[in-house]
Ligand SMILES: C[S@@+](CC[C@H](N)C(=O)[O-])C[C@H]1O[C@@H](n2cnc3c(N)ncnc32)[C@H](O)[C@@H]1O
């Protein structure tokens, strides 16, 4: 069998399941052969071994069942860096990059020469904590998650990105396991924010991701409500809090934030699709509730 025949077979298998069968068949073949699309198509008369053909079939079947491509590959890109991902963690979303852009912008104007203390609550694969540690080499970063499995993936990513010396990993229900003395200048969180009733069933790709990474309770805000209950003792006098949430739940999140921090400056920030996605909360000097 040639690579061209393999691709045709792939397209046929995926055609009844996915919107872009040709493109996806090509992506999976690129991953299999470890080459670019251009090189694959330029040399599609090369022959394929029986082992390669069997592996390709296995990948196709997984993708046809709806499994995210990132789990098949075992990695995903976030803010220009490669992260290991598997079914123990959420697949990184491009919209989450907005939190990094906002955080880095804010840091440029932060009025202290001291290293920043940063928290990423619900770190999953570690994309937020490890990107901040990579971008701000002097920052002291805490990566927290309730899932031991997720923390294993985040630790592996820290090693791969060579930042493990500067990141503290902690299994914790939100901030509960942290000592009272730790106060954050910058706190980021992309906590589960889907209302429980909106979590889709298989074969939707979301259903392959850990339920604990998606389920935000009856209104999608249960985790954020609990987080705000723990927050005031853990923020520096001038702090920035960035929280990602589903656009329809943001008004509710603003109300919770306002209740706990009546004097904070609250702004809603848009994601790359133009949807309001992030609550930005700035605590100013003397404004802590
Ligand atoms: C939506 S995922 C986000 C993962 C990663 N930060 C990202 O943006 O891709 C939410 C993460 O929060 C964690 N989580 C859920 N409930 C938690 C809790 N009570 N305390 C700490 N982490 C929690 C989940 O295990 C999951 O890894």
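Since every read-out is calculated from the coordinates, none of them should be taken as a lab result. Treat the numbers as computed from the prediction; the structure is a model and nothing was measured. Neighbour counts are summed over all protein chains in view; Cβ atoms, including those assigned to glycine, are modelled from backbone coordinates with ideal geometry.
Per-structure values
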{"read-out": "Alpha carbon convex hull of segment 87-175, volume per residue in cubic angstrom", "value": "91"}
{"read-out": "Principal semi-axes in Å for segment 148-283 [√(5λ), Cα gyration tensor, largest first]", "value": "23, 23, 14"}
{"read-out": "Modelled FRET efficiency - R0 51 Å, residue 42 with residue 165, Cβ distances, 0.05 increments", "value": "0.70"}
{"read-out": "Estimated translational D of the chain in µm²/s (Stokes, Kirkwood radius over Cα pairs; 10 °C; 1.306 mPa s)", "value": "77"}
{"read-out": "Listed peptides 46-59, 220-233 by packing density, highest first (mean Cβ within 10 Å)", "value": "220-233, 46-59"}
{"read-out": "Ordering of 34-45, 145-156 by packing [mean C-beta count within 10 Å, highest first]", "value": "145-156, 34-45"}
{"read-out": "Residue-span extension gain [residue 8 to residue 207] - 0.36 nm each, minus C-alpha spacing", "value": "68.8 nm"}
{"read-out": "Cα long-axis angle, helix 21-33 against the chain (0 to 90 degrees, to the nearest 10)", "value": "90"}
{"read-out": "Alpha-carbon radius of gyration plus Dmax, which is the widest Cα pair, for segment 1-71 in Å", "value": "11.1, 30"}
{"read-out": "Mean separation of Cα contacts under 8 Å (6+ apart) over length of the chain, as relative contact order %", "value": "14"}
